Amino acid sequence: MIVMKFGGTSVGTAERLRTACSLVKSRVKQKPFVVVSAHNSPTCRMTNTIIAATENALTKKPDISKVAELQRTICKELDVPVALVEPLLEEFQRLLAGINMIGELSLRSMDLAMSFGERMSSIVFNDVLCREFGVNSKRVASFDLGLRTDGNHGSAIPDKTSYPDIKRNVEALGCDVVVTTGFLGKGPDNHITTLGRGGSDFSGTIFGAALNAEEVQIWTDVDGVMTADPSVVKTARSIPELSFVEASELSWYGAQVLHPLTMQPAIEHNIPVRVLNTGKPDHPGTLIVLKTTATKGVAKSVVYKEHISLVTVTSLRMLGTHGFMAKVFEIFGKCKIDIHMIATSETSVSLTIPSGYNLEPAAAELSKIAEVLVEKEKALVCLVGQNMAGVKGTAARVCGALAKAGVNIKMISQGARELNIALLVEDDDINATVAALHSEFFE
Ligand code: ASP
Ligand code: MG
């Protein structure tokens, strides 16, 4: 069996959703297990609209009208009876009334609110697949198939002990195709959890692992993983093959096509992942496997992450002592702050932190043991490729290209695995940096 995960844009319009259904039908012999995201198109940004309505309900009259209108419109365009989604819209209305009444919006409530997007889109998808395409399929929400997670609302992690239950439950359904919700699970207290924004990719490989799939297909709106962000570099092209570790690095360092944790279950169970374009189903896309066939070129892709903060901790107490670093990292750990890149000298350590964290408590704690400088609006640009290992002159080419482009490198890091070279530059220099590296390594 194979897993076919359709992202928001692949189910974002009636036309795209029908294409996705036809793709499932054409592969029915392979027993597709279908994972869908909430609808997402320029006129129907379901998850974002749900979040806005939920946040509004905190202080204003609860109003589900935008969400309901978007959902009813796509149902009508697909001849799906609106009655199929009405009970979920009513439940959403009650949730917003509750949030409004108590004036409190927890991560748990937000997870429940966001869940309606995938719960409704999976109903719509399955209805079209059965009725219009004549496929023998059943739709069951992921948490009802037994996907359990930890209780970390907003970025839950799957509980692998639930995998055998999932397999049993799916097999017991006895149909050709099963359609389920991406993004969602249930925590230890039986409340719905989400795997983080863009988490349906992660659901794809989680189910791939649980069901022992031959392959996980991630259907999206680009020709696979690209050599650079095509909105920054016009000549960016799709990468035919990547290794698991390269794909992990790329997704961590900002490649938008894959949720950062997607590769984890694939690596643990050695399941190939294919990134494909729903709009161009014949394009080969990108195949991600344990070991790639020989490829030329030292680099595979250049990726970036914006709005990075740089924290520099300086202390003479570091000189020749032990345990100082441990203290620094313990503070970040206690404050639950994710650190990306690290560079150290004997008297200072620089760390990069992604956007979205309040750094004040950590900075206050750190300033008890050292001098602390926090700088914002930096960008992390990263050149990724396993073939860099052992090749002389790669760093020189990186630095040379940036010197020519007039970009200052604030911080630089290359691990001993020589998988990537990461650079910290000003946010304003992203385009120049990415373009310079792309032209040096890919053109
Ligand atoms: N609907 C969720 C989001 O917009 C999950 C996903 O699309 O992968 O983040
Ligand atoms: Mg996505």
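The values are calculated or read from the model by the stated rules, or taken from the named source; none is laboratory data. This one's a predicted model, so the numbers in the text were calculated from it and none came from an experiment. Cβ placement follows ideal geometry from the backbone for every residue including glycine, while neighbour counts extend to all protein chains displayed. All accessible areas refer to the heavy atoms of the entire protein, side chains included, with ligands and DNA or RNA removed. Shrake-Rupley method; radii C 1.70, N 1.55, O 1.52, S 1.80 Å.
Details
- Extended-chain gain in nm, criterion 0.36 nm per residue less alpha-carbon gap, residue 399 and residue 161: 81.0 nm
- Comparing Cα centroids, segment 36-91 and segment 315-377 end up 43 angstrom apart.
- Acute angle (nearest 10 degrees) that the helix 86-102 long axis makes with the longest principal axis of the chain, alpha-carbon atoms: 50 degrees
- The chain - Kirkwood radius from inverse mean 1/r over Cα pairs (Å): 23.3 Å
- Heavy-atom accessible area ranking, 1.4 Å probe, most first, across 231, 10: 231, 10
- Alpha carbon Rg of segment 149-258, scaled by the compact-globule rule 2.2 N^0.38 Å: 1.23
- Principal-axis analysis of the Cα atoms of the chain puts helix 163-173 at an angle of about 20° to the longest axis.
- Sparsely packed loop sites in segment 217-282 (the trypsin sites (Lys or Arg not before Pro) outside DSSP H, G, I, E and B with at most 10 other Cβ atoms within 10 Å) comprise 234.
- Accessible surface of segment 110-190, 1.4 Å probe: 50 percent of it comes from carbon and sulfur atoms.
- With the convex hull drawn over the C-alpha atoms of segment 1-99, the volume per residue is 103 Å³.
- Whole-number percent relative contact order across the chain, with pairs defined as alpha carbons under 8 Å at least 6 apart: 13 percent
- Ordered by 1.4 Å accessible area with all protein chains kept, 5, 167, 66 run largest first as 66, 167, 5.
- For the chain, the mean residue ellipticity at 222 nm estimated from helices alone is -11500 deg cm²/dmol, where every DSSP H run of n ≥ 4 contributes -39500 (n - 2.57) and the total is divided by all residues, rounded to the nearest 500.
- Protein accessible area in segment 321-443, 1.4 Å probe - carbon and sulfur %: 50 percent
- Reachable lysines, given that their alpha-carbon falls under 30 Å from the alpha-carbon of residue 336 and they are not under 8 places away in the same chain: 160, 186, 305, 327, 368, 376, 378, 410
- For the chain, accessible area per residue (1.4 Å probe, heavy atoms of protein chains only), Å²: 44 Å²
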